[in-house]
Amino acid sequence: MEQIVTQPNKPTSNAGRSSARAAYDGIVPPRTSSGGASTGHATAQKPRSLKPLIFIILLSLAPVIAALVVYFNPQLRPEGSVAYGTLVEPQRPMPPASALQLTTLDGQPFDLNTLKGKWVLASADVAECPESCALKLFILRNSHASQGKQVERLTRVWFILDQGEVPEKVLEAYKGTIMVRVSNPEQLGRFAPITPGATPGLGALAQPMWIIDPLGNLILRYDQGADPLKVRDDITKLIKNSRIG
């Protein structure tokens, strides 16, 4: 009977086993601990510094702080930045029509608040309009006309303090000025400030010129004898630097 001889398996070399193990490890990721979390220690996060945030806040507040410092210390303002006229503090808002009763020359009621949105150049005097009155109307008319492309942002008002007739030559010379009669000059006196030291009354109201901003606040007063060129330059700066009106 023929004997069948079997050959034993050849042992696998260590080099072969290492290669197989390396290939296996490259395909199958290493097992992790329970829950799939990495066995390595997590790197602790350092607390963020607040210095950058504080710096940004201070940088944002710097212009506001600087403006407040300059506002309360006029001597720090650059030359030419201070208004020639006298600032009215606190500013005086336009009164409602019931508190300042006005009528046009043809007797129609007029509400000053309809002029909001424009810079208003204003003066007051009796209807006869003496030389001092004509000078104010002249200064304001020329200051208005000299604003070039900005001229539409302004308007002019003459408050007439009595019921007299306005001379024809005044009507003709100052066309474009809104002329309104004041029913009670005391009402105008509560809105329009007079020169300090002047005795309240028609004479005191007839001395200054005023500027009302587009929001309806009376902000500047020019006393009798004001330099026409400086008044004009003041108005030019206001219009140029303002984004309202």
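The values are calculated or read from the model by the stated rules, or taken from the named source; none is laboratory data. Since this is a predicted model, take the numbers as computed values, not measurements. As a convention, Cβ positions derive from the backbone with ideal geometry for all residues, glycine included, and neighbour counts pool all protein chains shown. Accessible surface areas use protein heavy atoms only, side chains included; no ligands, DNA or RNA. Shrake-Rupley method; radii C 1.70, N 1.55, O 1.52, S 1.80 Å.
So here's what we get for this one:
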item	result
Answer residue from the range 88-103, given it is at pLDDT below 95 and surrounded by fewer than 14 Cβ atoms within 10 Å (Cβ to Cβ) and is farthest from P208 (Cα to Cα) among those	P90
Residue in the range 145-161 that is of a type in the set (V, I, T) and over 25 Å from S242 (Cβ atoms) present	yes
Sole exception among (1) open to solvent by less than 40 Å² (accessible area, probe 1.4 Å); (2) in contact with a His (Cβ under 9 Å, 6 or more places away or on another chain) for S123, by number	(2)
Selection status of P193, assigned to a loop (DSSP other than H, G, I, E, B), touching a residue at least 60 places away in the same chain (Cβ under 8 Å) and touching a Pro at 6+ places or on another chain (Cβ under 9 Å)	yes
Search result, residues across the range 180-200 that are open to solvent by less than 20 Å² (accessible area, probe 1.4 Å) and in contact with a helix residue (DSSP H, G or I) (Cβ under 9 Å, 6 or more places away or on another chain)	V180, V182, L188, F191, A192
Number of positions in the range 104-114 that are under 27 Å from T195 (Cβ atoms) and either open to solvent by less than 20 Å² (accessible area, probe 1.4 Å) or without any contact (Cβ under 8 Å) to a residue 12 or more places away in the chain (or both)	1
Test set (1) open to solvent by less than 20 Å² (accessible area, probe 1.4 Å); (2) modelled with pLDDT under 95 - L140 fails condition number	(2)
Index of the failed condition, A134 passing every other in (1) part of a helix (DSSP H, G or I); (2) open to solvent by 40 Å² or more (accessible area, probe 1.4 Å)	(2)
Where a residue in the range 84-99 is part of a strand (DSSP E or B) and its partner, wherever it lies, is exposed (fewer than 12 other Cβ atoms within 10 Å of the Cβ) and not small (G, A, S), with Cβ under 9 Å and at least six apart	T86/P196
